[in-house]
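Notes to accompany the following structure.
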Amino acid sequence: MRFDRKKDKKFAAVLVICFIVISGCVLGRKLISDAGNMEIKIGGLTVVVPDNMLCADVKSFLNVRINPSVDSAVIAKLYPGDAVEYIGEKGSWTMVNLDGQTGYVSTQYTVRGMDLKKYIKKHMNKFTIEGTVVESSFTPVYKKEEQVGSEKPAYTMKGEVNKKTTVYATKSTKSKVANETENVEKYMVMVNGLRFREKSSTDAKIFCNFNKGTYVEAVSDKNAGWMKVKYNGKIGFVAKKYVKMVTVKQKKSNLLGSLQKNEQVVVNNLWKNWAEISYHNKLSYIKREAVEVTAKLDNSNKNIIKLVANNTQCDVLDVHKNVAFVKFADNKKGYLDARCVQAKIDFSNIKLDESAIKTANQKVVKTNLGKASKIRKELVKFALQYVGNKYVWGGNSLTEGVDCSGFTQQVYLHFGIQINRCSYEQVRNGKEITFDQLQPGDLIFYYNKELKRIGHVALYIGDGQIVHAKSSKTGIVINNWDYQTPYKAVTILENK
């Protein structure tokens, strides 16, 4: 075999480039999949914010418009400290999501990413920072900043069980303790064929015959000649002379008993998911969610406003070094260790001008089907023949049942056009258009506030109407295009 050095070098270089590209794609996907939130350190406080958050960098307010044009309607205003979801950019405009309503803001007056981190640090007092106390037990709240950390107050905890709950020997819900054994007294059958009877009589019904070496649990031995025993959950009788008490080594049980609702317990310590209690004078554990715990200072301390349990909610008003100034639901304010608080900034509830939105939506082009192109007419005609058929979540049959995105996918597939299966993926299959550019055959998407993403898709059929697989209750139906607030419009049939 002959080798060509130049060709071999070129082939090796191509392999290296392919490896780098593939590795980059994999790494890129990994980075994207791990993305979601970013952390901002403000003194000892860590604040978590969505990485797709956007804020207005203005002194007064920033107009949000329904279309990327200064001539379009203003549907909301963003004030300093308002945070909204970033979607993408169109020229000098940035598209944002206002709880399901799409809007546009001038990009030059916005901040996000690393610039947003700096902006939040500088203008922290403009934002609503939600905090959760995450200290395992109770955290003291002080009257003055300088008192935080100066002492560790002593307090006593007590709890009230809020539902029937199991008591465990360890912080585990397993039935046995790992790597630990204990000696227990059991009764062992000493002969083969010992009859296990329903009653203490040789005429009684026989449940089964025990083999020699079988262990049974004694319930009572008050009957002369008979012992009442329990085996596999069933209670019956065996002849007493054929069983013997023995000491057996077995895995230690982790189940110590149970507590009923409203029982009072002494709490020694708390963790995120567990509470350590005293149960029959033994240190034991119950699930944290099963007990309401309160704490009382052992000595009067005029510096401390209150003790707060873990998972207590608060608003973070200010941070200086490792001290956070917070406000609680009862309107009490005080200082605590900022490292005991988990903080976040969420998207703001922006007030929308519903009247302006309605007026703008009424300007949607009422394209008559007769003026549409041939393929658009055929596509709409094909889709309409399935009106009245049933909705099936995850379904892909236009006759046996489909869901919203299955309906649009199958309609397009009939014409040899392949689009993704899910609505939130189909939005990326075509070119985004404004609502006043809608033509029959285009797709309209609707936002799901609970899922915090696109949750529904419909096919526009002209004259301000859509056909879609709406729900299991309605099946495939025709509705007005704005039967709920439209989120985005996309054309798959550009120039067709």
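The values are calculated or read from the model by the stated rules, or taken from the named source; none is laboratory data. Since the structure is predicted, the reported quantities are computational estimates derived from the model, not experimental observations. Using ideal geometry, Cβ is built from the backbone for each residue, glycine included, and neighbour counts are taken over all protein chains shown. These area figures cover heavy atoms from the full protein model, side chains too; ligands, DNA and RNA do not enter into them. Shrake-Rupley method; radii C 1.70, N 1.55, O 1.52, S 1.80 Å.
Quick notes on this structure:
- Of the numbered criteria (1) surrounded by fewer than 18 Cβ atoms within 10 Å (Cβ to Cβ); (2) within 30 Å of LYS163 (Cα to Cα); (3) touching a Cys at 6+ places or on another chain (Cβ under 8 Å), the one PHE328 fails is (1).
- Of all residues making up region 127-151, the number that are under 27 Å from VAL49 (Cβ atoms) and either outside any loop (DSSP other than H, G, I, E, B) or of a type in the set (A, V, I, L, M) (or both): 10
Residues are listed down the side, and each one gets a yes or a no for (1) open to solvent by 80 Å² or more (accessible area, probe 1.4 Å); (2) in a strand (DSSP E or B); (3) closer than 16 Å to PRO153 by Cβ; (4) acidic (Asp, Glu):
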| position | (1), (2), (3), (4) |
| --- | --- |
| VAL265 | no, yes, no, no |
| ASN269 | no, yes, yes, no |
| GLU276 | no, yes, no, yes |
| ILE286 | no, yes, no, no |
| THR294 | no, yes, yes, no |
| LEU317 | no, yes, no, no |
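- Residues located in region 296-305, provided they are out of contact with any Phe, Trp or Tyr (no Cβ under 8 Å at 6 or more places or on another chain) and open to solvent by less than 80 Å² (accessible area, probe 1.4 Å): ASN301
- Residue that is farthest from GLU217 (Cα to Cα), among those in region 167-185 that are of a type in the set (Val, Ile, Thr) and open to solvent by less than 50 Å² (accessible area, probe 1.4 Å): THR170
- Among the residues of region 99-125, those identified as among the hydrophobic types (A, V, I, L, M, F, W, C), open to solvent by less than 20 Å² (accessible area, probe 1.4 Å) and not in a strand (DSSP E or B) are LEU116, ILE120, MET124.
- Tally of residues being open to solvent by less than 50 Å² (accessible area, probe 1.4 Å), more than 27 Å from the chain's Cα centre (by Cα) and among the β-branched types (Val, Ile, Thr) across region 46-98: 6
- Among the residues examined, VAL341 qualifies as more than 30 Å from VAL64 (Cβ to Cβ) and open to solvent by less than 20 Å² (accessible area, probe 1.4 Å).
- So GLU151, is it at pLDDT below 90, exposed (fewer than 13 other Cβ atoms within 10 Å of the Cβ) and in contact with a strand residue (DSSP E or B) (Cβ under 7 Å, 6 or more places away or on another chain): no
- Cβ-Cβ distances below 6 Å connect the following pairs, each with a first residue in region 70-96 that is under 20 Å from LYS452 (Cα atoms) and touching a residue at least 12 places away in the same chain (Cβ under 8 Å), a second residue that is aromatic (Phe, Trp, Tyr) and in a strand (DSSP E or B), and a separation of six or more residues or different chains: MET95/TYR104.
- Taken over region 231-258, residues that are in contact (Cβ under 8 Å) with a residue 40 or more places away in the chain, open to solvent by less than 70 Å² (accessible area, probe 1.4 Å) and either on the phi > 0 side of the Ramachandran plot or not in a strand (DSSP E or B) (or both) amount to 2.
- Tally, over region 328-351, of residues that are closer than 30 Å to GLY100 by Cβ and either among the aromatic types (Phe, Trp, Tyr) or outside any loop (DSSP other than H, G, I, E, B) (or both): 4
- Applying the condition of being touching a helix residue (DSSP H, G or I) at 6+ places or on another chain (Cβ under 8 Å) and either closer than 11 Å to ALA489 by Cα or of a type in the set (Asp, Glu) (or both) to region 447-466 and asking which residue is surrounded by the most Cβ atoms within 10 Å (Cβ to Cβ) yields VAL457.
- Residue check, GLN439 within 30 Å of LEU98 (Cα to Cα), surrounded by 13 or more Cβ atoms within 10 Å (Cβ to Cβ) and out of contact with any Asp or Glu (no Cβ under 6 Å at 6 or more places or on another chain): yes
- Verdict on PHE196 being aromatic (Phe, Trp, Tyr) and without any contact (Cβ under 8 Å) to a residue 40 or more places away in the chain: no
- Failed item, numbered, when GLU432 is tested on (1) touching a helix residue (DSSP H, G or I) at 6+ places or on another chain (Cβ under 9 Å); (2) among the acidic types (Asp, Glu); (3) touching a residue at least 40 places away in the same chain (Cβ under 8 Å): (1)
- When the residues of region 213-224 are filtered to those that are in a strand (DSSP E or B) and of a type in the set (A, V, I, L, M, F, W, C), the one that is nearest to VAL248 (Cα to Cα) is VAL216.
- ASN223 at pLDDT below 95, surrounded by fewer than 17 Cβ atoms within 10 Å (Cβ to Cβ) and more than 50 Å from the chain's Cα centre (by Cα): yes
- Residues in region 168-212 that are of a type in the set (D, E, K, R) and part of a strand (DSSP E or B): LYS176, GLU180, GLU182, GLU185, LYS186, ARG195, ARG197.
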